[in-house]
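Reviewing the structure listed below.
Coordinate-derived values only; no laboratory data. Just so we're clear, the structure is a prediction, and the values are computed from it rather than from any experiment. Here the Cβ positions follow ideal geometry from the backbone for every residue, glycine too, while neighbour counts run over all protein chains shown.
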Amino acid sequence: MNRKKISEMFERLKAANPKPTTELEYSSPFELLIAVILSAQATDKSVNLATRELYKHANTPATILALGVEGLSRYIKTIGLFNTKAKNVIATCQLLIEHHGAQVPESREALEALPGVGRKTANVILNTAFGHPTIAVDTHIFRVSNRTGLAPGDDVRAVEDRLVKVVPPEYALDAHHWLILHGRYTCIARKPKCPECVILDLCEFKEKTPPETKPEKRSIFAPPKSKPKPAQKLRKKRA
């Protein structure tokens with residue numbers, strides 16, 4: 001995809017959603033960090049339901065650490081892999097207190113050293129909490145990038161590296177959010193909503209979903225059309 005089409009793509013996504021952001025609910029970098037750790041293989045909706053209650057009682061490294069694994073698990077038990085995530089969150093809180101003054105570090109290396117934090121999570125924190133122009137490639141962004149021809153790649157790192165190269169600087173900060181929301185609500189996995197897509201004519205996906213054909217509307221006052229009667233066979237009269 002050439003640069004002109006890429007710029008037009010992001011300009012349209014921007015026009016449709018001028019101020020995109022994560023759908024995870026948070027009020028501090030720490031709350032965002034915990035929410036992103038919990039969101040692995042889980043929906044933002046399920047994480048928000050759990051953290052709304054959790055953050056009422058504990059929303060700092062010290063207060064969550066005081067809950068312990070068992071106490072934290074009671075708040076997040078509705079989220080997939082909650083046992084493993086509870087252990088990672090408690091260990092992360094411990095490291096934040098011991099090595100970072102209970103603050104979330106603004107460094108990729110330091111973030112990725114935290115339990116439960118990989119490159120994707122670090123990119124989300126750097127972008128959303130600290131305003132770095134990073135792109136966290138999840139399944140939605142991977143799908144959109146390959147389908148549209150924006151940044152094709154065989155794995156998430158290849159797609160990320162390609163996006164960093166091709167996304168114009170003026171769109172780099174919000175590109176992550178535009179692409180993930182587009183993949184979540186329009187360019188969905190099974191049957192993309194191509195007829196309502198704002199970048200339909202720019203997209204290079206060959207198997208676009210065609211518009212649905214609606215049955216012809218007939219007035220309730222109009223009589224139904226009569227079916228033609230089958231032709232009757234003529235019988236020869238006996239002599």
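Other residues within the sphere of radius under 15 Å centred on the Cβ of residue 130, judged by their own Cβ, net out at -4 (K and R +1, D and E -1).
Projecting label points 7 angstrom from Cα along Cα→Cβ for residue 200 and residue 52 puts them 3.5 nm apart. Taking every C-alpha pair closer than 8 Å and separated by at least 6 residues, the mean separation divided by the residue count of the chain gives a relative contact order of 18 percent. For region 1-60, what relative contact order do you get, as a whole percent, if you take Cα pairs closer than 8 Å and at least 6 residues apart? Relative CO of region 1-60 lands at 28 percent. The modelled label-to-label distance for the pair residue 188/residue 95, using points 7 Å beyond Cα in the direction of Cβ, is 3.7 nm. The angle between the Cα long axis of helix 44-57 and the main principal axis of the chain comes to about 30°, on a 0 to 90 degree scale.
Calculate how steeply helix 3-16 sits against the longest principal axis of the alpha-carbon atoms of the chain, using the helix alpha-carbon long axis, and give the answer as 0 to 90 degrees to the nearest 10. Rounded to the nearest ten degrees, it is 90. With the simple spin-label model, which puts each label point 7 Å out from Cα in the Cβ direction, the residue 59 to residue 155 separation comes to 3.8 nm. Were the residues from residue 5 through residue 146 laid out at 0.36 nm apart, the gain over their Cα-Cα distance would be 49.3 nm. Computed on region 29-129, with alpha-carbon pairs under 8 angstrom and 6+ residues apart, the relative contact order is 31 percent. As a ratio to 2.2 N^0.38 Å, the alpha-carbon radius of gyration computed for the chain takes the value 1.50.
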